[in-house]
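J.: Structure in structure tokens, see below.
Quick note: the coordinates plus some simple rules give every number you see, no bench work behind them. In this text the structure is predicted, and so the values were computed from the model without any measurement. When we count neighbours, we look across all protein chains shown, and the Cβ atoms used for this are built from the backbone with ideal geometry, even at glycine.
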Amino acid sequence: MLVRQKMQKELVTVLPSSSVHEAALKMKEYGVGSVLVVEEGWKLRGILTDRDIAIAVAADSKDPKATYTCDVMTTDPIAINADADIDSALRIMNRANIRRLPVTENGKLVGLLSSADVATEIKEEFDQFIGLEKAFAKH
């Protein structure tokens with residue numbers, strides 16, 4: 001299974017010049033824990049997570065309306081190509097201890113693969129395996 005088959009294609013994005021407040025409002029509106037920070041042409045510049053906001057803004061008593069995403073985002077996030085396989089994505093996520101993996105194609109952001117997306121794939125494969133086991137046991 002390829003990453004492109006499981007990735008989320010509807011992305012929540014902000015500009016590097018967006019305030020953290022704007023980014024948090026988008027997270028709330030879309031019910032997500034991160035936003036992808038992009039520049040013109042869907043070039044990925046970073047990722048801003050709810051954890052980043054808690055640690056770099058709230059814990060340091062910074063004003064979220066006066067703090068820009070580029071100041072607190074994770075820069076140059078690890079990304080994976082849309083044509084990579086899910087196993088490769090899982091290894092990358094495990095090694096880097098990340099739950100969200102931006103997906104790129106020809107240098108442009110095209111999706112996001114989350115640990116939940118990968119877990120769904122693993123569960124589907126496991127369910128298929130159990131079905132085969134049950135069918136085999138009947139014979």
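J.: Remind me, relative contact order of the chain in percent, using alpha carbon pairs under 8 angstrom and six or more residues apart?
T.: Computed value for the chain: 27 percent relative contact order.
J.: While we're on this one: What is the sum of charges, Lys and Arg at +1 and Asp and Glu at -1, for the other residues whose Cβ falls under 10 Å from the Cβ of Leu15?
T.: Cβ neighbours under 10 Å give a net charge of -2.
J.: Can you tally the net charge around Ala56? Count Lys and Arg as +1, Asp and Glu as -1, for every other residue whose Cβ sits under 14 Å from the Cβ of Ala56.
T.: Residues close to Ala56 contribute a combined charge of -3.
J.: Something else now. If you filter the range 1-109 for trypsin sites (Lys or Arg not before Pro), then keep DSSP loop positions with at most 10 other Cβ within 10 Å, what is left?
T.: When the trypsin sites (Lys or Arg not before Pro) of the range 1-109 are filtered for loop state and at most 10 Cβ neighbours within 10 Å, Lys9, Lys65 remain.
J.: Can you tell me the dipole magnitude for the chain around its Cα centre, using point charges on the Cβ only (Lys, Arg +1; Asp, Glu -1), in Debye to the nearest 20?
T.: Once rounded to the nearest 20, the dipole reads 160 debye.
J.: What value, in deg cm²/dmol to 500, does the helix sum -39500 (n - 2.57) over DSSP H runs of n ≥ 4 give at 222 nm once divided by the residues of the chain?
T.: Rounded to the nearest 500, it is -12000 deg cm²/dmol.
J.: Compare the Cα positions of Tyr68, Tyr30, Ala79 along the charge dipole of the chain (+1 at Cβ of Lys, Arg; -1 at Cβ of Asp, Glu; about the Cα centre) and return the one farthest towards the positive end.
T.: The residue sitting most towards the positive pole is Tyr30.
J.: Could you derive backbone 3J(HN,Hα) for the range 38-44 from the dihedral phi with the Karplus parameters 6.51, -1.76 and 1.60 (θ = phi - 60°), listing whole Hz in sequence and x where the residue is Gly or Pro?
T.: Computed from phi, the couplings for the range 38-44 are 10, 10, 3, x, 6, 7, 6 Hz.
J.: Another question about this same structure. For a test of understanding, tell me how many lysine pairs in the chain have Cα atoms under 15 Å apart, given they are 8 or more places apart or on different chains.
T.: Number of lysine pairs found: 4.
J.: Using the count of nearby Cβ atoms within 10 Å as a rough guide to exposure, how do Ile55, Ile80 rank from fewest to most?
T.: Lowest to highest Cβ neighbour count: Ile55, Ile80.
J.: Out of all DSSP beta bridges with both ends in the chain, state the antiparallel percent to the nearest 5.
T.: If we restrict to bridges inside the chain, about 80 percent are antiparallel.
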